[in-house]
1. Within the range 189-203, how many residues are in contact (Cβ under 8 Å) with a residue 24 or more places away in the chain, under 18 Å from Glu236 (Cβ atoms) and either surrounded by fewer than 23 Cβ atoms within 10 Å (Cβ to Cβ) or among the hydrophobic types (A, V, I, L, M, F, W, C) (or both)?
2. For residues in the range 62-107 being more than 30 Å from Asn199 (Cβ to Cβ) and small (Gly, Ala, Ser), which is modelled with the lowest pLDDT?
3. Are there any pairs, at least 6 apart or on different chains, whose C-beta atoms fall under 6 Å, with the first in the range 146-167 and within 9 Å of Ser185 (Cβ to Cβ) and the second assigned to a loop (DSSP other than H, G, I, E, B) and of a type in the set (S, T, N, Q), and if so, which?
4. For the range 244-273, which residues satisfy the criterion of being of a type in the set (S, T, N, Q) and surrounded by fewer than 19 Cβ atoms within 10 Å (Cβ to Cβ)?
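The values are calculated or read from the model by the stated rules, or taken from the named source; none is laboratory data. This one's a predicted model, so the numbers in the text were calculated from it and none came from an experiment. Positions of Cβ are generated from backbone atoms using ideal geometry, with glycine treated the same way; all protein chains shown enter the neighbour counts.
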Amino acid sequence: MRTCRRVVTVMALSLPLAAWAQIPVQDDSTGNGSAYPSGGYGASGAYVGGGAETPTSAQGMLFTQLQQMQQEIAQLRGMLEEQQNEVQRLKQEGLERYQELDRRLGSGAAAGAAATQNSPAAGASGTGGSTASGGDAGQAQASGEPADPAKEKLFYDAAFDLIKAKDFDKASQAFSAFLRRYPDSQYAGNAQYWLGEVNLAKGDLQGAGQAFARVSQAYPQHAKVPDSLFKLADVEIRLGNNDKAKGILQQVIAQYPGTSAAQLSQRDLQRLQ
């Protein structure tokens, strides 16, 4: 009997290790699974782990950050679109202003020539204007040079050329200097009106309004009075003074019927109703 036990023991110990490796590992009765990893070796020989998973918390954080970045990008795009629309609106307003000024430039030379025919009225209104416009006009008349039509025309043309060159800062300075030097010139009414135009082109609404108002005050018989009043109403609208603008537009319609300024005033008045 002892001899048989020894033979069995020796045979068991002599089994190859490969045979032991083929013995399957079963789950225990507790349901906790095998004590060994469930992974194995793939076809390439690399070990493929089982049961190891990528932490979901890291993926969630990345997803949340991605959503936040997308929301920020959408907000930035909206802000950029608003800024682009605002820039486009400002460009359009500037273009319309320049186009209007260019249209008036075409009639500027003819208006300057017409001022020669109106020189008696301009001179008389210039004298009355010194009373209507207060001390500034009186000082300008006191410092004015004697009439010299040739010099006046050269000075006026030089200032007008600055408008054509779109150099509105220098044009404003030139017309202001002209009016101080030649307040009773046959070109003074036109110079006063164009001073308002260049100030408006510069965006100087206060300066433009003062210059347009001075045309009717200092040169009430001048041909530019209806246009200057219409432009004065436009300035008041830009400043938000709609009631004041309505009164000026009604004045143009009543006092200067049939003029282009009256037609434009009627249009703008309807828009303000």
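1. Matching residues across the range 189-203 total 3.
2. My answer is Gly78.
3. Filtered contacts from the range 146-167: Glu152/Ser185.
4. Gln250, Gln251, Gln255, Thr259, Ser260, Gln263, Gln266, Gln270, Gln273
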